[in-house]
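As structure tokens, the structure follows; a few thoughts come after it.
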There are 2 protein chains.
Amino acid sequence: MSAQAQQSEEEWADIAPDAARRLVIAAVQAFAERGYHATTTRDIASRAGMSPAALYIHYKTKEELLYQISLVGHRLALDILERPALADGSPAERLADAVRSFVRWHAEHHTTARVVQYELDALSPEHRAEIVGMRRATDAAVRGIIEDGVRSGDFDVTDVPGTTLAVLSLCIDVARWFSTEGRRGPDEVGDSYAALALRMVGAAGA
Amino acid sequence: MSAQAQQSEEEWADIAPDAARRLVIAAVQAFAERGYHATTTRDIASRAGMSPAALYIHYKTKEELLYQISLVGHRLALDILERPALADGSPAERLADAVRSFVRWHAEHHTTARVVQYELDALSPEHRAEIVGMRRATDAAVRGIIEDGVRSGDFDVTDVPGTTLAVLSLCIDVARWFSTEGRRGPDEVGDSYAALALRMVGAAGA
DNA sequence: CGCGCGGGTGAGCGGTCGCTTAGGCTCGCG
DNA sequence: CGCGAGCCTAAGCGACCGCTCACCCGCGCG
């Protein structure tokens, strides 16, 4: 099994049965490559090694596949950001931690992240509303760290919501441009972005 | 005429005849709202107030409409960035200028910018290659300013290409999240982002 | 006046889409 | 052994897609 395929298997390990997992993995690849609307259910099924009809045994619609991907992805993103948000340590350490791991995830899983971050509008209104709620939580996690830093005097930020948005925006956009062919790997980009984020909040000595 | 419509008219003023311009404006709105693949030629034509067949009098295919939009948009983006890149003044002034006006354009014309920045993959391979070439030029413009700043000692940057990418990435992502309903207008976001960019390059006193 | 031409229409073609239906195979289990 | 549950397929339905065709209208001009 290729390293890529191995990684996909781990990422979606808790989806059963096997055929449903293969469909999700196939859908992530297809959606990331061509976008949700340009992907056909026939393409997803054939990537997963089955007939077009088999997809509908495991998922009611194509949109439900996207929802599944979006839900798991956002849950993971929220986990990644809330760990440093609730941790001990200086605001600078926690912000650096949050940005580093969030960026590393966007780089390492950039196919999944691309679907999660850029295909939101293809969700049904109900599913979309649910996901938007989770995104508010990720925003609150980062904003909390920055507020702590401002309160303690470690950060110098006048517009906290605006800076929060900018930091998150910078991280999310990694999914758009990151390529495994590029000069830097996920770890390098994560470290570099953690330093950039500290500069953006005016952390002393950054 | 609404302020929005007025702005669209100005943005595409040099496209003639009138019907072709109306089609471009309709296509930009439709592509931005639903994405290229989810937009039908019938929808574009009806927004422009004509029959589905009329579209093909002015454009050979739906993709040619996207190409037209992408080409004009990228030309404008390149203009905006190259003016401060080639101007006199300190690197800090020039970088702030470039980021401020680039961000302002992405906010003010966020519907156009969304199409220009996020529908690249829907272009034909030939058209895509041409646009990618223009994007390399925009990257070079910003990199030039940062290199000048590093050389003069005004900036403190170890990874110039990486930082260039991050600054551009931050600006481009404005098109994704900016909304006219939001708290800040294009000018406020532009000023705020210019300051953030100066911090990212470690400009003295930023 | 008649006539060509640029810009328009209604109808529709060939193809593909998301999804359904009818049926078949392969197990574990009483 | 029989038989139901779970998983899968071949075939195809109805809708809708990008795009084309045959035809029409108003206007400038010899």
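The values are calculated or read from the model by the stated rules, or taken from the named source; none is laboratory data. Everything numeric here is computed off the predicted structure, so don't read it as measured data. Neighbour counts are summed over all protein chains in view; Cβ atoms, including those assigned to glycine, are modelled from backbone coordinates with ideal geometry. When the accessible area is computed, the model is the full protein with side chains, heavy atoms only, and any ligands, DNA or RNA have been set aside. Shrake-Rupley method; radii C 1.70, N 1.55, O 1.52, S 1.80 Å.
Note on the range A:120-206: the C-alpha convex hull projects to 7.1 nm² when averaged across all orientations.
According to the square roots a ≥ b ≥ c of the eigenvalues of the Cα gyration tensor, what is the shape class of the range B:95-142, taking rounded for a/c under 1.5, prolate for a/b larger than b/c otherwise, and oblate for the remainder?
Since a/c reaches 1.5 but b/c is at least a/b, the shape of the range B:95-142 is classed as oblate.
Each listed q (0.15, 0.20, 0.23, 0.24 Å⁻¹) maps to a log10 I(q)/I(0) for the range B:3-58 from the Debye sum over equal C-alpha point scatterers, namely -0.39, -0.69, -0.88, -0.95. Sorted from nearest, the other copies put their A:Arg128 label points 2.6 nm away, the label point being 7 Å from Cα in the direction of Cβ.
The other copies place their B:Gly89 label points at 3.9 nm from this one, listed shortest first, where each point is 7 Å from Cα along Cα→Cβ.
With all distinct Cα pairs included, what does the Kirkwood hydrodynamic radius of the range B:38-152 come out to in Å, to one decimal, could you say?
Roughly 15.9 Å, rounded to one decimal.
Axis angle, to the nearest 10 degrees, between helix A:160-172 and the longest C-alpha principal axis of chain A: 40 degrees. In the range A:174-206, burial by the other protein chains removes 20 Å² or more of 1.4 Å probe accessible surface, compared with the chain on its own, from A:Arg176, A:Trp177, A:Arg183, A:Arg184, A:Tyr193, A:Leu196, A:Arg199, A:Met200. Label-to-label distances for B:Ala16 across copies, nearest first, come out at 7.0 nm, using points 7 Å from Cα in the beta-carbon direction.
Computed from the C-alpha gyration tensor, the three semi-axes of the ellipsoid equivalent to chain B are 35, 17, 14 Å, from longest to shortest. Considering only Cα atoms, the convex hull volume of the range A:23-100 works out to 100 Å³ per residue. Accessible area buried by the pairing of A and B, both sides summed with a 1.4 Å probe, works out to roughly 2200 Å². Solvent exposure of chain A amounts to 45 Å² per residue of accessible area, where only protein heavy atoms count and the probe is 1.4 Å. Shown here is the pair-distance distribution of the protein assembly as shown: with all Cα-Cα distances grouped in 20 Å bins from zero up to the longest one, the shares run 25, 56, 18, 0 percent.
Estimated from helical segments only, the mean residue ellipticity of chain B at 222 nm is -23000 deg cm²/dmol, where each DSSP H run of four or more residues counts as -39500 (n - 2.57).
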